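One structure is given below, encoded as structure tokens.
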Amino acid sequence: MAMLEVNGLSIQFGGLRAVDDFNMKIEKGQLYGLIGPNGAGKTTIFNLLTGVYKPTEGIIKLDGEDITGKSIIEINKIGIARTFQNIRLFKDMPVIDNVKVALHNDSKYKYSTVTGILKLPKYFKMEKAMNERALEILKVFDLDKEAYINAGNLPYGKQRKLEIARALATNPKLLLLDEPAAGMNPNETLELMETIRFVRDHFGVTILLIEHDMKLVGGICEELTVLNFGHMLVQGETSKVLSDPVVITAYLGE
């Protein structure tokens with residue numbers, strides 16, 4: 001059974017059918033890519049998978065459970081987390097607090113409002129545990145030394161990494177990365193490739209990414225789906241997809 005299974009997914013905005021009859025299967029532990037020109041429907045699919053939009057038609061299953069139409073919070077608790085094309089950090093908060101915000105979704109770090117207000121012993125115990133876990137995650141991204149500076153003061157590439165770290169703090173089964181290399185220089189992109197591989201292997205998370213950087217896509221993705229105008233063009237093993245004449249004409253050669 002595939003970890004993620006999408007069948008006949010479609011969404012219509014007025015007279016525009018932004019995604020039409022989209023199908024995809026991702027196995028546990030895969031690094032999977034979703035590519036296509038601007039406006040092809042890639043981010044719309046991410047929004048459908050994460051509950052931002054509800055599909056007009058189709059079914060989405062995670063580990064065999066139908067999650068179609070569930071809310072953003074429900075889907076995150078079930079095990080899907082994401083980053084965004086435009087970075088969405090709490091820039092006036094310290095780096096570590098950006099990660100701790102996500103950890104608050106984990107039941108093992110929960111404490112009551114009264115416990116927090118009165119600073120009862122459980123409050124300090126949970127805060128200590130969250131700090132330790134947040135620093136552990138930040139260390140993976142070489143961000144632990146910047147844990148107590150404001151997120152907005154990080155260089156752009158590190159802000160990208162922090163957003164991935166925060167998403168991982170929700171302990172997802174499936175991590176969706178929306179153009180994680182956007183705005184990065186070549187050296188940062190190479191470092192990101194290694195980080196994504198490490199995240200998959202170290203955290204045991206399955207990864208689906210949208211990306212325009214073909215070096216990154218070809219370097220880490222095991223399978224690809226190519227979209228254009230909301231329609232699936234080609235799907236399969238990365239090397240075969242990237243050498244397909246349809247893809248070269250419709251996307252890579254544009």
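The values are calculated or read from the model by the stated rules, or taken from the named source; none is laboratory data. Please read these numbers as outputs of a predicted model, since none were measured by experiment. Glycine gets a Cβ as well: all are built from the backbone with ideal geometry, and neighbour counts include every protein chain shown. Keep in mind that these areas ignore ligands, DNA and RNA; they rest on the heavy atoms of the full protein, side chains included. Shrake-Rupley method; radii C 1.70, N 1.55, O 1.52, S 1.80 Å.
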List the strands (runs of 3 or more DSSP E) inside region 147-254, counting only whole elements, that have at least 2 residues being surrounded by fewer than 17 Cβ atoms within 10 Å (Cβ to Cβ), among the polar types (S, T, N, Q) and out of contact with any Leu (no Cβ under 7 Å at 6 or more places or on another chain).
none
For residues that are in a helix (DSSP H, G or I) and not acidic (Asp, Glu), scanning just region 90-100, find the one that is most open to solvent (accessible area, probe 1.4 Å).
Lys100
Apart from one, (1) part of a helix (DSSP H, G or I); (2) at pLDDT 95 or above; (3) hydroxyl-bearing (Ser, Thr, Tyr) all hold for Tyr123; the odd one out is (2)
Can you tell me which residues in region 192-210 are in contact (Cβ under 8 Å) with a residue 24 or more places away in the chain and farther than 17 Å from Leu49 by Cα?
Leu192, Met193, Thr195, Ile196, Arg197, Phe198, Val199, Arg200, His202, Phe203, Gly204
If you take the residues of region 101-126 that are open to solvent by less than 30 Å² (accessible area, probe 1.4 Å) and without any contact (Cβ under 8 Å) to a residue 40 or more places away in the chain, which of them is farthest from Leu34 (Cα to Cα)?
Thr115
Subset tally (residues that are open to solvent by 30 Å² or more (accessible area, probe 1.4 Å), in a loop (DSSP other than H, G, I, E, B) and either of a type in the set (A, V, I, L, M, F, W, C) or touching a Cys at 6+ places or on another chain (Cβ under 8 Å) (or both)) for region 40-83
1
Between a first residue in region 142-155 that is within 15 Å of Ile87 (Cα to Cα) and a second residue that is charged (D, E, K, R), which pairs have beta carbons less than 8 Å apart while being 6 or more apart in sequence or on different chains?
Asn150/Lys91; Asn150/Asp92; Ala151/Lys91; Ala151/Asp92; Gly152/Lys91; Gly152/Asp92; Leu154/Glu146
Could you pull out the residue among Ala134, Ala167 that is in contact (Cβ under 8 Å) with a residue 40 or more places away in the chain and either under 21 Å from Thr195 (Cβ atoms) or of a type in the set (Phe, Trp, Tyr) (or both)?
Ala167
If you check every pair at least six apart or on different chains, which have Cβ atoms under 7 Å apart with a residue in region 14-39 that is part of a loop (DSSP other than H, G, I, E, B) first and a residue that is open to solvent by 70 Å² or more (accessible area, probe 1.4 Å) and not aromatic (Phe, Trp, Tyr) second?
Gln30/Glu222; Pro37/Glu254
